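Notes follow once the structure below has been shown.
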Amino acid sequence: MDNLPRHVLIVAAVLALVLGAGLATQAAGGTARAPAATHLVLNEVDYDNVGTDDHEFVEVYNGTGAAVDLADAAVVLVNGGTGTEYARVALGPNCLAADQYLVVMDPAVVPAPGAIAIPFPGADNQIQNGAPDGVALIDTASSTLVDALSYEGSITS
């Protein structure tokens, strides 16, 4: 983990704190298991690298226990200063299996084996490094927010 940028480690540490705060349930045989998610989640975001931002990505995870059709799903990048969308990446026509990852990524990123990979439309600097900015996972058919996160501050709109 020494080679990960500080903001990725912070997101991972916050996630570990949230998951460790009593959300795990005791399964048969004495192992702790987190409850199944009820929706897709934004699992990890790498938005600011040292030097050129050429390894950016947004990772979506399906922890629901069932396959999820992504025909109407999109990752939306939001400028937190203005509250406006500056980029949108459609995730369909893919289907994300249970416990599978999807990575919207810069061409320089190498996703884990088995992950669905969707390239950003440009070569670098796809995700803003502002204070604050955010990422949303939306259902485009119902205009419903599925999951969201902000970084370098809160977004109120």
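Among the residues of the stretch 23-39, those identified as open to solvent by 30 Å² or more (accessible area, probe 1.4 Å), in a loop (DSSP other than H, G, I, E, B) and at pLDDT below 75 are Leu23, Ala24, Ala28, Gly29, Gly30, Thr31, Ala34, Pro35, Ala36, Ala37. I'd like to check something: does the stretch 83-93 contain any residue that is open to solvent by 40 Å² or more (accessible area, probe 1.4 Å), more than 18 Å from Ala148 (Cβ to Cβ) and either assigned to a loop (DSSP other than H, G, I, E, B) or in contact (Cβ under 8 Å) with a residue 40 or more places away in the chain (or both)? The answer is yes; a qualifying residue exists. Selection within the stretch 40-70: residues that are in contact (Cβ under 8 Å) with a residue 60 or more places away in the chain and over 15 Å from Ile127 (Cβ atoms). The member of this set that is surrounded by the fewest Cβ atoms within 10 Å (Cβ to Cβ) is Val41.
Working only within the stretch 102-157, note down all residues that are free of Cβ contacts under 8 Å to residues at least 24 places away in the same chain, among the aliphatic types (A, V, I, L, M) and open to solvent by 60 Å² or more (accessible area, probe 1.4 Å). Hits for the stretch 102-157 are Val110, Ala112, Leu145.
Look through the stretch 118-157, keep the residues that are among the β-branched types (Val, Ile, Thr) and assigned to a loop (DSSP other than H, G, I, E, B), and return whichever of them is modelled with the lowest pLDDT.
Of all residues in the stretch 118-157, those among the β-branched types (Val, Ile, Thr) come to 118, 127, 135, 138, 140, 144, 146, 155-156.
So of that shortlist, the ones also assigned to a loop (DSSP other than H, G, I, E, B) come out as 127, 140, 155-156.
Working: Ile127: 88, Thr140: 96, Ile155: 85, Thr156: 77.
Looking at the filtered set, the residue picked out is Thr156.
The values are calculated or read from the model by the stated rules, or taken from the named source; none is laboratory data. What you see is a predicted model, and the numbers here were worked out from it, not measured in a lab. Every residue, glycine as well, gets a Cβ built from its backbone with ideal geometry; the counts of neighbours run over all protein chains shown. We work out accessible area using only protein heavy atoms, side chains counted, and drop any ligands, DNA or RNA first. Shrake-Rupley method; radii C 1.70, N 1.55, O 1.52, S 1.80 Å.
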